[in-house]
Amino acid sequence: MDAVQEASTAPVWPAHRWGLGAFVVVEAVYLLASASVGLLARSGPPPGGMITVAIGVPTLVAAACAMGIAKWRGNGPRIDFRWQWSWRAVGLGLAFGIGGLFVTLPAALLYQSIVGPDATSAVGGIYEGVRTTWPLAVAVLL
């Protein structure tokens with residue numbers, strides 16, 4: 001089969017009417033949701049549940065906004081984002097997630113060897129002094 005025949009058999013997706021402006025709106029929604037959660041947080045070490053809310057809520061609100069824009073200005077999230085369920089996709093997601101750890105952990109060790117054992121980070125500062133149950137720790141991880 002030559003290139004012309006292959007091109008004619010490729011699926012044709014309907015056009016959508018969103019783009020960079022949608023990204024800017026979703027990013028602004030994410031930042032506003034994050035700031036709102038930050039304003040509601042009390043000072044001092046946050047409880048584990050608050051960390052879960054602070055991580056999850058802005059992400060979910062921004063994702064809902066993106067899906068709303070795809071439905072309003074496009075063809076819906078299933079078509080515009082090419083969502084298709086498959087076990088292969090689940091396997092690839094897990095493989096990339098776990099594989100990312102094999103890159104991140106050595107990189108973190110290299111970074112610590114360069115800057116020394118007293119290196120700090122914003123994330124480390126947030127979790128400093130936080131004690132929680134293992135189910136909540138798994139929720140934060142997810």
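The values are calculated or read from the model by the stated rules, or taken from the named source; none is laboratory data. All of these numbers come straight from a predicted model, not from anything done at the bench. Cβ coordinates were reconstructed from backbone atoms using ideal geometry, including for glycine residues, and neighbour counts include every protein chain displayed. With ligands, DNA and RNA removed, areas are computed over all heavy atoms of the protein, side chains included. Shrake-Rupley method; radii C 1.70, N 1.55, O 1.52, S 1.80 Å.
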Report the residue count in segment 54-71 for those that are free of Cβ contacts under 8 Å to residues at least 40 places away in the same chain and either in contact with a Cys (Cβ under 6 Å, 6 or more places away or on another chain) or open to solvent by 40 Å² or more (accessible area, probe 1.4 Å) (or both).
9
Only residues that are farther than 15 Å from His16 by Cα and of a type in the set (Gly, Ala, Ser): list them for segment 66-100, please.
Ser86, Ala89, Gly91, Gly93, Ala95, Gly97, Gly99, Gly100
Identify all residues within segment 16-52 that are among the hydrophobic types (A, V, I, L, M, F, W, C), within 18 Å of the chain's Cα centre (by Cα) and open to solvent by 60 Å² or more (accessible area, probe 1.4 Å); write none if there are none.
Phe23, Val24, Val25, Leu31, Leu32
Please identify the pairs in which a residue from segment 27-53 that is within 20 Å of Thr133 (Cα to Cα) has its Cβ atom under 6 Å from the Cβ atom of a residue that is modelled with pLDDT under 75 and of a type outside the set (A, V, I, L, M), counting only partners at least 6 apart or on another chain.
Pro45/Gly129
Tell me which of these Ile51 doesn't satisfy, since it passes every other one: (1) of a type outside the set (Lys, Arg); (2) assigned to a helix (DSSP H, G or I); (3) under 29 Å from Gly19 (Cβ atoms); (4) touching a helix residue (DSSP H, G or I) at 6+ places or on another chain (Cβ under 8 Å).
(3)
Only one residue in Ser121, Ser113 is more than 19 Å from the chain's Cα centre (by Cα), more than 30 Å from Trp18 (Cα to Cα), surrounded by 10 or more Cβ atoms within 10 Å (Cβ to Cβ) and modelled with pLDDT of 85 or more, so which one is that?
Ser113
Hey, Pro77 hits all of (1) open to solvent by 60 Å² or more (accessible area, probe 1.4 Å); (2) under 30 Å from Val138 (Cα atoms) but one; which does it fall short on?
(1)
Residue, farthest from Val12 (Cα to Cα), within segment 80-96, restricted to residues that are open to solvent by less than 100 Å² (accessible area, probe 1.4 Å) and part of a helix (DSSP H, G or I)
Ala95
